[in-house]
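These notes concern the structure reproduced below.
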Amino acid sequence: MAHGKANALDTEFCDALASCLNALTPSTARAVVLTGRGRIFCAGVDLVRLLDGGAAYVRKFLPALERLYEAVFYFPKPIVSAMNGHAIAGGCVLAAATDRRIMARDDGRVGVTELQVGVPFPSLALEIMRHVTAPQFYEAVILGAETYPPQEAVVRGLVDEIVPPEQLLDRAVAAAKKLAAISPAAFAVSKQQIRRQVRDFMDTRGREADAQVTAIWVAPETAKVVADYVARTLKKT
């Protein structure tokens, strides 16, 4: 991933990444490794773009974000995250949607800060986090809205393995090759079965919940909270 300084998620980036994965589905590629450029894996939603675009942009962005998460979470082949740095908010969800998460030691923080920003989770994002987070930590991870160093992220289920930075890509490729050695048909069906509960929830109740989520994301009072968060955090640097 190479999109700006922080691989921040906007409509165009979400669509491009989802399209890339969709194109790889029928290809001869047996597995995918997802990583970022520089020292950031993905810093989450582009909040400045969100504020600039207003409600009209938000209504286009949220479906694009869901399409990206669907493309990753339901990707029928093995997909491994090589987390080269920070994976924050939507970026943490992006890594969580993959099959295995390997992170460079002492090179970033991981966590979902949506409630600090002032927005609720889209349903699929919340279910992806439920899927990977250790059950005893799930509510604290979501409601606490904190970020964690790699060692603490492992304990909470957000990261599977920590390696020295210089070994990150080699280790991620090795993990992808190991998963790719499994029968592709057996892997795809098993992955589908494992994720069926999330798909069933989205088909039956997720859309109704997302209507409420969208209403909060586009509300004028939410924009004020997001603007305050941006002023306190992003614009300090």
Checklist entry - For Leu115, are the conditions met, namely being farther than 23 Å from Ala175 by Cβ and in contact (Cβ under 8 Å) with a residue 24 or more places away in the chain? => result yes
*asked:* Can you find a residue that is farther than 22 Å from Ala181 by Cβ, touching a Phe, Trp or Tyr at 6+ places or on another chain (Cβ under 8 Å) and β-branched (Val, Ile, Thr) anywhere in region 25-41?
replied: no
Val48 fails exactly one of (1) touching a helix residue (DSSP H, G or I) at 6+ places or on another chain (Cβ under 7 Å); (2) closer than 24 Å to His131 by Cβ, namely (2)
Exactly one of Arg171, Arg207, Arg195 is surrounded by 14 or more Cβ atoms within 10 Å (Cβ to Cβ), over 19 Å from the mean Cα position of the chain (by Cα) and more than 15 Å from Arg30 (Cβ to Cβ), and that one is Arg171
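Laboratory data are not the source of any read-out in this text; all were calculated from the coordinates shown. As the structure is a computational prediction, the values presented were derived from the model and not from experiment. Glycine also receives a Cβ, built like all others from the backbone with ideal geometry; neighbour counts cover every protein chain displayed.
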